[in-house]
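**Q** Next up is a structure, given as structure tokens.
The values are calculated or read from the model by the stated rules, or taken from the named source; none is laboratory data. Owing to the predicted nature of the structure, the values given are computational and were not obtained by experimental measurement. Every residue, glycine among them, receives a Cβ derived from its backbone with ideal geometry; neighbour counts consider all protein chains shown. Note: accessible area is taken over every heavy atom of the protein model, side chains too, but ligands, DNA and RNA are not part of it. Shrake-Rupley method; radii C 1.70, N 1.55, O 1.52, S 1.80 Å.
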Amino acid sequence: MSKLLLIIKREFIAKVRNKSFIVMTFLSPLLFVGIGVFVGYLSQMKAEQKTIAIHDETGKFTNDFKSDDEYKYLNLSNVDVKTLKDSIVNENYEGLLLIPKANDNTSLQKGIQYVSNDSPGVMFVEDLESIIAKRITAENFQAQGLDTLKISKAKADVSINLTKASGEESLKGLNEIKIGIGGAFGYLIMMFIVIYGNMVMRSVIEEKTSRIIEVIISSVKPFQLMMGKIIGTSLAGILQFLIWAILGLTAMFILSSIFGVQMGASSGPQAQQALELAQKEAGGTFQMYIKELWNLPIATIIFCFVFYFIGGYFLYSSFYASIGAAVDNETDSQQFLLPIIMPLILGVYIGFFTVINDPHGTVATVFSMIPLTSPIVMMMRIPFGVPWWEIAISITLLFGTFFGVVWFASKIYRVGILMYGKKPSWKELYKWLKY
């Protein structure tokens, strides 16, 4: 046990003292903030206004197309069609909407064309179709002697009120918030596994290629060395996340204090009244959302995050360590990495596409029990409320699988770390397991 602790200490100190670890620990939050600000800036940028020429031989639709910041519609019905098409080729206009004359609306709606050099966006085409269909529909109503005003008034606008079985009012969009919270924790686990699993693999490859491993193996067992690397690297990762959490909470506290002081100092009587009015209008719904968020199983989420965080990392790091021992360089490791990463990707897709619609369904439940996907899928399910016995079974299977995988991985590890100059294959790995 003392040798294992020495290896853990060595791996932890080596990772923490690394310059790249120190730099990325403090630079990564700034990079994330910078990317967020940059994406927000890009989303606020307005695209260049595109000009759409309209040649309407019927004269019915020209007033229905309203220009906005994105598209400018020009009525060029008096210009020859061939001239307009030549203008499209010369890129004078983004596109040309041709509305021909027709004997009836049925023929008209089948003869409309949109001419452009590039394929238009789906949403843009749907908007054009909607505008034209609305006008034709109104004419069809009139032709049938129907009162369009009465039809408009007769249209129903249904808004279903959501309530719980206990009688409390519920909110729309709450499932999206829950899957967002669960997805954030699941995605953190996946990123941690990929980043630090690769660190374990590279560490093993580096020691193997430098032949240091031969000296180390003379003093410790391969199993102790592998577990020491996994645990030491995981502790370095946990330290990094703790630093990020402290920095994030400190920044939130400072910003809230600054903006709170500024708001109190600059708000006059009129601003205060406007603020109170806005709070009355939006405060009720906002308070309900806050109440619902506080009703989430926060303690269970944090507790399970820690266990799935550790269990998922230990499980996959065993794979990464065995791969690092089997190969001589990172290039050779690519053929073995895909089967490892695929369950992680599958877990993310399963989570987002099934949990949000049916968090307690068969698919979501099964994949939250499978150890290779449970750290991600179960974290997405927990905000919706999961029975404790399901969580207990899932965690037990996860750590039980980890111990089983470690046993197999150690057999590959003890043979692979002393193999040089030979590209391993799946067949070779199977032989090492039987050795």
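**Q** Provide the solvent-accessible area of ILE323, counting protein heavy atoms only and rolling a 1.4 Å probe, rounded to the nearest 10 Å².
**A** 10
**Q** Order the peptides 356-368, 62-74, 226-238 from the highest to the lowest mean number of other Cβ atoms within 10 Å of their residues.
**A** Highest to lowest by the protection proxy: 226-238, 356-368, 62-74.
**Q** Follow-up. Kindly sort GLU57, GLU206, GLU390 by accessible area of their heavy atoms, largest first, with the probe set to 1.4 Å. Mind dumping the intermediate values first?
**A** Details: GLU57 85, GLU206 125, GLU390 20 Å².
Listed by decreasing accessible area, they come as GLU206, GLU57, GLU390.
**Q** Sort the following peptides by mean Cβ neighbour count (other Cβ atoms within 10 Å, averaged over residues), highest first: 334-342, 146-154.
**A** Ranked from most to least packed, the peptides come out as 334-342, 146-154.
**Q** From the Cα gyration tensor of the stretch 1-153, with a ≥ b ≥ c the square roots of its eigenvalues, which class applies: rounded if a/c is under 1.5, or else prolate if a/b is larger than b/c, or else oblate? Present the calculation step by step, with values, prior to reporting the outcome.
**A** Details: a/c = 4.27, a/b = 2.76, b/c = 1.55.
It is prolate, given that a/c is not under 1.5 and a/b is the larger ratio.
**Q** Taking a ≥ b ≥ c as the square roots of the eigenvalues of the Cα gyration tensor of the stretch 1-62, is the shape rounded (a/c under 1.5), prolate (a/b larger than b/c) or oblate?
**A** It comes out prolate by the Cα gyration axes.
**Q** Quickly rank 94-100, 34-40 as a protection proxy: mean count of other C-beta atoms within 10 Å, highest first.
**A** Output ranking for 94-100, 34-40: 94-100, 34-40.
**Q** Under a 1.4 angstrom probe, counting protein chains only, how are PHE192, PHE32, PHE185 ranked by accessible area, largest first?
**A** From most exposed to least exposed: PHE32, PHE185, PHE192.
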